[in-house]
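I'd like to ask some things about the structure below.
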Amino acid sequence: MKATFTLIIAGLMAVSVTSHSANSRIKSDNNPVFKHSVHGFGNKEASVIDNRKDHRFRVGTKSNDYLKSALSTKQKLDYMIYEDFDESTNQWEKEKDEFQYNNNGEVLQSAYYTWNVSLNQWINDGKEDYTYNANGNMTQWMYSYLDENTGNLVGSDKEEYIYDANWNQTQSISYNWDNTSGKWIASSKYENTYNASGKKTLEINSRWDENSGKWDVSWKYEYNYNSNGDKTLSIDYSWEEFTKQWSANSKNEYTYDANKNMTLEIDYSNNGANQWIGTRKYALTYNPNGNILQTDYNWDELSGAWQSTERHDYLRDTYGNISNENYYEWDLTASQWVATEKDEYSFNNNYSINEMVWPFREYEYGFSEYYQEEFKHMLTEFKGYGWDKTNIQWYLYEKTMLYYSPVNITGVENISKNEVKTYPNPATEYVVFELKDASQPATIELTDIQGKKVIAQLLLDSKQIVVRQLKSGMYFYTVNQNERIYKGKVVKQ
């Protein structure tokens with residue numbers, strides 16, 4: 001079980017706006033091709049995020065690429081080439097993703113190709129198209145596949161999204177194309193509720209019943225948060241049609257340290273008698289260099305104790321990037337950890353993430369936030385290795401190359417610092433951000449002097465953020481209001 005490379009491709013290769021499949025961990029898939037799965041490196045938001053088994057990436061809803069002026073030169077990701085080693089043929093199989101963007105840096109299309117060895121050329125076997133509103137929120141996603149009979153790309157799936165005044169996605173509806181009727185047929189619907197801080201508290205899924213012609217509720221998730229906005233509890237329910245009641249299935253509990261790092265997650269299942277039984281546990285520790293050690297446990301009913309099963313080490317380079325991921329399994333016979341797989345990431349440190357244009361957007365679980373915290377610079381290459389127990393050596397079984405080019409991004413005007421006032425500054429408890437146009441919603445991010453994001457939230461009617469939990473020192477803020485960017489500094493005493 002391993003989720004490789006998926007942090008970046010959590011944004012790039014496997015993130016769906018509304019795909020709601022089984023939960024996954026930092027290490028989550030036995031066939032670790034990074035474009036197929038997702039993880040979060042024990043990030044303070046949570047290590048549990050939806051496991052996207054899509055073959056290709058799906059983008060999210062809100063831009064994380066903050067533009068500084070009306071014309072800004074960035075480095076855009078043009079395409080990625082994946083190679084997986086096929087042991088049966090002793091050859092590398094290749095796939096490619098190409099991306100097209102608009103002038104605001106929003107991805108408009110993702111085209112997918114497979115290398116045909118016989119024809120010695122790339123075959124376009126699918127694409128995804130994206131539509132946005134004026135706020136940069138995605139309003140529609142559509143997938144098209146290659147019809148081998150006609151040789152044309154044919155639309156098969158689409159999703160449509162609705163947002164509230166604070167840009168929260170409140171509803172999404174999935175459709176499938178019906179060849180018989182020649183119409184889009186609704187299949188599922190997701191409805192979301194948020195608290196005053198913009199955190200999702202409720203998610204309800206419904207399925208379309210063609211016979212009754214109405215939506216039937218299927219399942220729901222409830223989420224709780226602490227005063228810092230960290231998720232502390234999620235509960236999964238299914239709708240029991242016979243009793244007309246919600247039945248709890250499973251829950252996840254999360255614990256954090258003083259630095260808002262998640263240190264523990266425990267998963268429980270309902271035993272049918274309304275009793276919660278522990279099933280899985282994930283313990284995370286952090287060292288001063290930012291390296292992360294995660295140990296996974298299963299509950300052993302026979303011994304009545306937690307048994308360690310897997311370990312994952314995430315190591316940073318001198319630039320703060322996660323450069324190595326090492327995976328281990330517990331050997332019961334030898335009573336020691338045994339290496340099984342490892343991942344290596346290469347970067348061009350001449351370009352920071354603020355200079356990048358990516359085909360992914362910020363989703364509710366904050367994939368772009370994960371990327372900023374784990375990768376600080378331009379990712380150029382990924383390699384995945386397995387451990388050969390027979391020959392006692394590492395072997396390369398997957399690799400990916402990322403290719404970029406410069407682009408001028410337009411559409412955002414210069415912002416005057418006079419249009420936002422901060423007080424009190426220095427501050428001890430809270431900081432108010434007084435905007436010239438207080439009628440429009442805005443988001444704020446606060447980072448420390450090392451560039452680590454410590455606050456990311458909506459600016460509500462009070463237009464203030466709580467800073468009492470932060471250490472004393474200087475912090476940098478970025479306020480985004482209708483794509484207008486305000487930057488400055490605040491001091492916490």
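So which aspartates and glutamates pass the test for LYS189, namely a Cα distance under 15 Å, with those fewer than 8 places away in the same chain ruled out?
Straight-line reach from LYS189, under 15 Å: ASP157, GLU159, GLU160, GLU203, ASP209, GLU210, ASP216.
Using amide H atoms built 1.01 Å from N in the peptide plane, name the residues 5+ places from LEU264, or on other chains, whose amide H lies under 5 Å from its own.
Under 5 Å from the amide H of LEU264: THR255, LEU284.
Further question on the same structure: Using only alpha carbon pairs under 8 Å that are at least six residues apart, calculate the relative contact order of region 157-252 and give it in whole percent. Spell out each step's value before the answer.
On the way: 189 pairs, mean separation 13.7, N = 96.
After rounding, I find 14 percent.
Contact order normalised by length for region 65-172, with contacts defined as Cα pairs under 8 Å and 6 or more residues apart; what percent is it? Walk me through the numbers on the way to the answer.
On the way: 178 pairs, mean separation 13.9, N = 108.
The normalised contact order for region 65-172 reaches 13 percent.
Which whole-Hz couplings ³J(HN,Hα) result when phi for each residue of region 153-168 is put into the Karplus expression 6.51 cos²θ - 1.76 cosθ + 1.60, θ = phi - 60°, listed in order with x for Gly and Pro?
Here the 3J(HN,Hα) series is 7, 10, x, 10, 9, 8, 9, 10, 10, 10, 10, 8, 5, 9, 6, 6 Hz.
Checking the a/c ratio against 1.5 first, then a/b against b/c, what shape does the Cα gyration tensor give for region 176-330? Intermediate results must be reported in sequence, preceding the final value.
Values: a/c = 2.05, a/b = 1.64, b/c = 1.25.
Prolate is the answer for region 176-330, as a/c is 1.5 or above and a/b outweighs b/c.
Would you list which aspartates and glutamates come within 13 Å of LYS399, measuring only between C-alpha atoms, while excluding same-chain residues fewer than 8 positions from it?
Qualifying aspartates and glutamates at Cα under 13 Å: GLU83, ASP84, ASP86, GLU93, GLU95, ASP343, GLU344, GLU381.
Could you work out the relative contact order of region 433-481? I mean the mean sequence separation of Cα pairs under 8 Å and 6+ apart, divided by the number of residues, in percent. Show your work: numbers first, answer last.
On the way: 60 pairs, mean separation 22.4, N = 49.
Normalised by residue count, the contact order of region 433-481 is 46 percent.
Order LEU315, LEU458, most accessible first, counting only protein heavy atoms with a 1.4 angstrom probe. Could the numbers behind the result be given before it?
Values: LEU315 65, LEU458 15 Å².
I get LEU315, LEU458, largest accessible area first.
Moving to a separate point now. Say the cut-off is 18 Å between C-alpha atoms; which of LYS231/LYS487; LYS76/LYS383; LYS158/LYS199; LYS376/LYS421; LYS231/LYS376; LYS471/LYS492 go over it? Write out the running numbers ahead of the final one.
Details: LYS231/LYS487 28 Å; LYS76/LYS383 21 Å; LYS158/LYS199 26 Å; LYS376/LYS421 29 Å; LYS231/LYS376 25 Å; LYS471/LYS492 7 Å.
Distance filter (> 18 Å) returns LYS231/LYS487; LYS76/LYS383; LYS158/LYS199; LYS376/LYS421; LYS231/LYS376.
A follow-up question, please. Suppose all protein chains stay in the model; what accessible area per residue would a 1.4 Å probe give for region 266-358, in Å²? Intermediate results must be reported in sequence, preceding the final value.
Working: 4850 Å² over 93 residues.
Heavy-atom accessible area per residue stands at 52 Å².
I've got another one for you. How much of LEU332 can a 1.4 Å solvent probe reach, expressed as accessible area in Å² and rounded to 10?
LEU332 has an accessible surface of roughly 140 Å² with all protein chains in place.
Same structure, new question: How about region 211-297: which trypsin sites (Lys or Arg not before Pro) there are in a DSSP loop, with at most 11 other Cβ atoms within 10 Å of their Cβ? The partial results should precede the final answer.
Details: sites: LYS214, LYS220, LYS231, LYS244, LYS251, LYS260, ARG280, LYS281; in loops: LYS244, LYS260.
Within region 211-297, the qualifying trypsin sites (Lys or Arg not before Pro) (loop, at most 11 other Cβ atoms within 10 Å) are LYS244.
Starting from one equal scatterer on each C-alpha and no solvent at all, send me the Debye-based log10 I(q)/I(0) for region 120-239 at q = 0.15, 0.17, 0.22 Å⁻¹, two decimals.
With one equal scatterer per Cα and no solvent, log10 I(q)/I(0) is -0.86, -1.00, -1.24.
The values are calculated or read from the model by the stated rules, or taken from the named source; none is laboratory data. Everything numeric in this text was worked out from a predicted model, so none of it was measured. Counting neighbours? That spans all protein chains shown, and the Cβs are built from the backbone with ideal geometry, glycine included. Keep in mind that these areas ignore ligands, DNA and RNA; they rest on the heavy atoms of the full protein, side chains included. Shrake-Rupley method; radii C 1.70, N 1.55, O 1.52, S 1.80 Å.
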